1. Using a cut-off of 18 Å between alpha-carbon atoms, which lysines can reach Lys420, once sequence neighbours fewer than 8 places away in the same chain are excluded?
2. For the range 292-310 and the range 210-245, what is the separation of their C-alpha centers, rounded to whole Å?
3. Which of the lysines could a cross-linker bridge to Lys285, judged by Cα under 26 Å and excluding same-chain residues fewer than eight apart?
4. Residues in the range 326-364 near a label at Thr312, defined as backbone nitrogen under 16 Å from the 7 Å Cα→Cβ point?
5. Run the numbers for Glu380 and Asp76: contour at 0.36 nm per residue of separation, minus the present Cα-Cα distance, in nm.
6. Below 19 Å, Cα to Cα, which lysines can Lys28 reach? Residues fewer than 8 away in the same chain don't count.
7. For a quick check of your reading of the filter: which GluC sites (Glu not before Pro) in the range 442-521 sit in a DSSP loop and have no more than 11 other Cβ atoms within 10 Å?
8. Based on the mean of other beta carbon atoms within 10 Å per residue, what is the order of 172-178, 78-84, 364-370, most packed first?
Amino acid sequence: MRYLANLKSGKEISSHEKVFGRAYSTLKILEAVPLTNYRNSSKLRLAVSVVGHINELQIIDPSVGTAIHTLNLPDDSGHGIDSMVWDEPRQRLYLSVDGSVLAWNPAIPEQFTTLVDVEGASVAYELRLDSSGNLWGGTYPLGASFNYNVESKKLRVFDRVAEDTDYIRRLALDGRGRVWMGTGSRNPRLFTFEAGKPDAVREINLPVDVAHGFIGSIDPIGHYLAVTVSSVSEQLILDTRTMKWHEPVTRVWASREISKASSGRFFSITAGHLHSTAFQGMDDKQLGKVEARGILCIIPQNGRILIISTTTDGILCETFDLGLNRVRATREIRLTPSAIKIQSLLGHSDGNIYIGGYKANGVAALNPETGVRWNSGDDEQVINQIEGMVEYDQNKTYIGSYGSADLVLMETPQNNADRKYDRIARLLTEYSQSRPFGWASNSSSVFFGTVPEYGVSGGVLGKIDPATDTVSWVLDGDGKGFVSGHSIIGLAADESHLYGTTSVRNGYGVEDTKSPAKVFKMHIASRKILWETSPVESAGALYSPAITGGWLAVADLQGVALLDLDSGQLKKRHIVNNVKNTSYRPGWLAADVRATPDGQKMVHAAGGGITVLDYVAGTTHSVASTRSHDRHGTRLTVGADGHVYGILNQTTLVQLALSPELT
């Protein structure tokens, strides 16, 4: 094999062997917003947003239990609705999608209009309307709020509220003309200003100390403000007249959801019971039982409360009669699933390709030979967005779940219905980690590497004992990270040694570490680093280490580097595209490389393209896109059949052709 020889550019590969559209299809509801006086008819409809790339907005008639519109966002608007607010007088639904604000008119249901792009914002959060019909919202990474006048079309983005935050995730408007903002990542804080005096920002010190996390919700309640914070179970209560904190409410409001005011009271749900609470004194009454679990909204109506919650296939509408103190009617409404962006892939010995979805819960599988598809469904309650997976043996697969850096064991017998899911560790609590990206295994152990939590620098390296399904050890560099200030995003293992790659990108809200990415070799038994190197000075991240043909292959955006296993010395760098490492911020999954089982070829993915490196022929071959807007993803895997699989246009799984057609 000519791994170290120069490779010549060869003929393009013009097609895929197999294409599996909408490889991960599921339903995950984000938000439900009441559309009062819909089309000026005094009728109520619901706008429901879902995760995915199709059917993102669904308009529901709760009175008859059907969807009247199932809508796709325009392709050029991005994907994923972050927030919605209903403007009843203008009969418009405003949506934030990435850093833009869109408007939807029920009279022209297939049409979305972009109102404004919030300059500098990747995400616009928590849209709200003031009494004059002006739009307000929060932003990332500006750490600022914004205001948009719908009539004059004037946008104003205010100053960052604090130097230690990139986020305004929560925003509320009270009845006294004040804007309230919640920050996060590091040191979550509460700020406010009068709408007419946005330069006079005031911080309201929280009555609790939280080093990392976010303000979870802000709800005006008469003269009070209810605030929730990461890792604090109670609702914190602020008197906005005195700006002093009262005793917190210890009864936890399910989903942190409360109703709007109704006759001086608001409604919430705890432990399957509806409660009514007075604005003054927070006098609380338990009213009766409800079925609702994942609460979306609570809507007071004349003598009754409409409760909207999530189900497996859609939403549940319960009508609670305040005269009878019980649910009088229930209605289940099915919604249409969406195609989920593929976040992670694992080729498994059982013939399946396992798929993790962006912002999705659970895991999906697709068998390329039979075409059979499967989702984990309701039996699984522990997996969020999957960042990485590894097969230990045919019965045990380990999964890294985003959010709390949960390490999950999935038992994988042949019968899908018998699968079990166990969370064996949560790395957030003790180690402030968020995303288990790096995975590897040998005959006796499983290894993981992580990206830290919001506001934290430095990932950890750990080992799982599959015999007991417990974590044997975690190395965190005394809190600075196993490699100080670096995330551990790729791992490879043999029986004696563990190899890893890093990214200088830390948890959100923390600047990148000023250093090139590193590759390291560790002796497993002693846990000693044998060598550490930065083979590509221009790369802030190196990905997907793999032991192939006696070399350690690692990927960057530009190609593949081959390192000597014993010394870590760079022996050869194959540059396969025109993408420059310095043109993009270092990431966690921006490139990938996989070798075929015989070691004759490698497949590299980055920058929307895929390249095959043929070490027998001494050539490289780019995989051509059928259409000009087609883009390949940066996750690859090798199936039990020996084929290499990748991603096309975010939601499609493809079996890659590895040789050009003969002519």
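1. Output for Lys420: Lys396.
2. Going from one Cα centre to the other spans 23 Å.
3. By straight Cα distance, Lys285 reaches Lys244, Lys260.
4. Flagged as within label range: 332-337, 361-364.
5. Contour length minus Cα-Cα distance gives 106.0 nm.
6. Lys341, Lys359
7. Passing sites in the range 442-521 are Glu495, Glu511.
8. Ranking, from highest mean packing down: 78-84, 364-370, 172-178.
All of the numbers you see were taken from the coordinates with simple rules; none came from a lab. Computed from a prediction, not measured in an experiment: that's the story for all the values here. Backbone-built Cβ (ideal geometry, glycine too); neighbour counts: all protein chains shown.
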